[in-house]
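First the structure, in the form of structure tokens, and then the observations on it.
Throughout, read-outs are computed from the coordinates displayed, never taken from laboratory work. None of these values were measured; they are calculated from a predicted model. In this analysis, Cβ positions are derived from the backbone assuming ideal geometry, glycine residues included, and neighbour counts consider all displayed protein chains.
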Amino acid sequence: MRNFRQILAASAAAALALGLSACSSSADKADSTNGADASGVVTLKVGASPSPHAKILKYVDENLAADAGIDLDIVEYTDYIQPNEALKSGDLDANFFQTVPYLEQQAEENGYEFTAGKGIHLEPLAVYSEKLKSLDQLPEGATIGIIDDVTNQSRALALLAEQGLVTLPTDGSDANVHTVTKVKKFEFKEVQGPQLVRSLADVDVAVINGNFAQEGGLSPKDAIVVESPENNPAVNILAWANNTKKLDAVKKLEDLLHSDQVKQYIEQTWDDGSVIPAF
């Protein structure tokens, strides 16, 4: 009987220990949900376009993040769809690749509930060509390469309108290749953003976003026409989910991305004007 009681006591102690261990494990998981490790550092998984976004984030991670108590896990994307889908699903804590107009359009179409930070930088849109040195040389029947996503296409068309190639809709409808009026005889060729630089051999000119131009080895110095940064809504921002559990850490990253150090880094790294600080 004594042995039986000892066994019962031992079993009860073991069960209690297991219960405490489970509670401790749950607590640890709760802490990890908030993002902090044992040392109090919060890891943020951030999706970004390779350039300049990921480069800026790497600078922050290597030079500023540790003092702010955060660590960045940077995931690079070469398209404009997956970063928002990954943020919605919780695979990312934030993303850094888009403009506010693009985010608003995507949120309306896909039901995203994201918060946009303040403008970090502008990558001027520009017109490039391997065949022409001026838009005045654009021949009749020419082909103009243009991005296929709605928001960036509208921005590209605004630049072409400034150059007298198209007129924008006046009825309040969105500008796209089907709603603008061509002033000259040419055709549009819609191309996915990452393929625009490669398309230059197949078109007379192409309107290319700054990040895709950089990735393709181009800079505004190579362009025929460059978008003006004045009163430009196309600044790039950090975005995060409204219900994020890492809000404090995300706000720290947002602050770092608007620091004097980051501004200086942008100005020195892209001294050709292909990336301009927006703060």
For region 39-54, take each phi angle, set θ = phi - 60°, evaluate the Karplus expression 6.51 cos²θ - 1.76 cosθ + 1.60, and give the result in whole Hz per residue in order, putting x for glycine and proline.
-> 8, x, 7, 9, 8, 10, 8, 10, x, 7, 5, x, 9, x, 4, 5
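Please report the net charge: other residues with Cβ closer than 12 Å to the Cβ of Ile81, K and R +1, D and E -1.
Values: positive: Lys88; negative: Asp79, Glu85, Glu109, Asp148, Asp149.
After counting each charged neighbour, the total is -4.
Taking only DSSP H segments of four or more residues, each worth -39500 (n - 2.57), what value at 222 nm results for the chain once the sum is divided by all its residues, to the nearest 500 deg cm²/dmol?
Numbers: 8 runs with 99 residues, N = 279.
Dividing the helical sum by the residues of the chain leaves -11000 deg cm²/dmol.
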Centre separation in Å (Cα based) which lies between region 142-162 and region 227-279 = 24
Could you check the simple spin-label distance between Lys245 and Ala161, using points 7 Å along Cα→Cβ, in nm with one decimal?
-> 4.6
Starting from region 52-155, pick out the GluC sites (Glu not before Pro) whose DSSP state is loop and whose Cβ has at most 13 other Cβ atoms within 10 Å.
-> Glu113, Glu130, Glu140
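Please compare each pair in Lys182/Lys263; Lys182/Lys221; Lys133/Lys185; Lys55/Lys221; Lys221/Lys251 to a cut-off of 30 Å on the Cα-Cα distance and tell me which ones are over it.
Values: Lys182/Lys263 39 Å; Lys182/Lys221 27 Å; Lys133/Lys185 19 Å; Lys55/Lys221 21 Å; Lys221/Lys251 35 Å.
Listed pairs above 30 Å: Lys182/Lys263; Lys221/Lys251.
As an exercise, identify the GluC sites (Glu not before Pro) in region 168-270 lying in DSSP coil whose Cβ has no more than 15 other Cβ atoms within 10 Å.
On the way: sites: Glu187, Glu190, Glu215, Glu227, Glu230, Glu254, Glu267; in loops: Glu227, Glu230.
Those satisfying the criteria are Glu230.
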Rounded to whole Hz, the Karplus (6.51, -1.76, 1.60) HN-Hα couplings of region 60-76, x for glycine and proline = 4, 4, 7, 10, 10, 5, 4, 5, 8, x, 10, 9, 9, 9, 9, 10, 8
Residue by residue through region 200-206, the couplings from Karplus 6.51 cos²θ - 1.76 cosθ + 1.60 with θ = phi - 60°, in Hz, x for Gly and Pro, are 4, 5, 9, 10, 7, 9, 9
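Starting with the fewest neighbours, write out Tyr112, Tyr80 ranked by other beta-carbon atoms found within 10 Å of each beta-carbon. Each step should come with its number before you reach the end.
Working: Tyr112 17, Tyr80 21.
Sorted ascending by nearby Cβ count, the order is Tyr112, Tyr80.
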Taking alpha-carbon centroids only, region 193-225 lies from region 57-125 a number of Å equal to 23
Built amide H within the under 5 Å cut-off of Phe114, gap 5+ | Asn242
